[in-house]
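K.L.:
Below you will find the structure I want to go over with you.
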Amino acid sequence: MHIKSVNVGVHQRMRDAYGDNGLTVDYIGSAQVGQWLAVEPDVIKTGSTICFAQCFVKVDDVVIARANATFRVVRQIAQTPASDGRP
């Protein structure tokens, strides 16, 4: 299995949920079917509007991919209690 297909799916879900400003992935190697992937994420810095992160993907302690991403920080909106149907 080539790691590219895994990263594309994960990236799309993260983009939909958090809104990314940029993502770069360097494919350094590949994994074979049946090998376990170890993903090591690291938040580099979180500011008031932007977050910087990196990630290494390893197989048998060998880096096969690395990624750098910049995400927009989204503030949580306070939610009101659900109505029970009474006026």
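Okay, residues lined up against (1) modelled with pLDDT of 90 or more; (2) out of contact with any His (no Cβ under 8 Å at 6 or more places or on another chain); (3) in a strand (DSSP E or B):
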{"residue": "MET14", "(1), (2), (3)": "no, yes, no"}
{"residue": "ALA31", "(1), (2), (3)": "yes, no, no"}
{"residue": "SER48", "(1), (2), (3)": "no, yes, no"}
{"residue": "PHE52", "(1), (2), (3)": "yes, yes, yes"}
{"residue": "VAL57", "(1), (2), (3)": "yes, yes, yes"}
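K.L.:
Cβ-Cβ under 7 Å, sequence separation 6+ or interchain: first residue in region 21-35 and surrounded by 10 or more Cβ atoms within 10 Å (Cβ to Cβ), partner part of a loop (DSSP other than H, G, I, E, B) and among the hydrophobic types (A, V, I, L, M, F, W, C). Which pairs?
P.N.:
ALA31/MET1; ALA31/LEU37
K.L.:
Across region 60-76, what is the total count of residues that are among the aliphatic types (A, V, I, L, M), exposed (fewer than 14 other Cβ atoms within 10 Å of the Cβ) and not in a loop (DSSP other than H, G, I, E, B)? Reasoning before the result, please.
P.N.:
To start, the set of residues in region 60-76 that are among the aliphatic types (A, V, I, L, M) comprises 62-65, 67, 69, 73-74.
Right, trim to exposed (fewer than 14 other Cβ atoms within 10 Å of the Cβ) and you get 62, 73-74.
Those left that are additionally not in a loop (DSSP other than H, G, I, E, B): 62.
Of the residues in that region, 1 qualify.
The values are calculated or read from the model by the stated rules, or taken from the named source; none is laboratory data. Here the structure is a predicted model, which means the values were calculated and not measured. Positions of Cβ are backbone-derived with ideal geometry, glycine not excepted, and every protein chain shown enters the neighbour counts.
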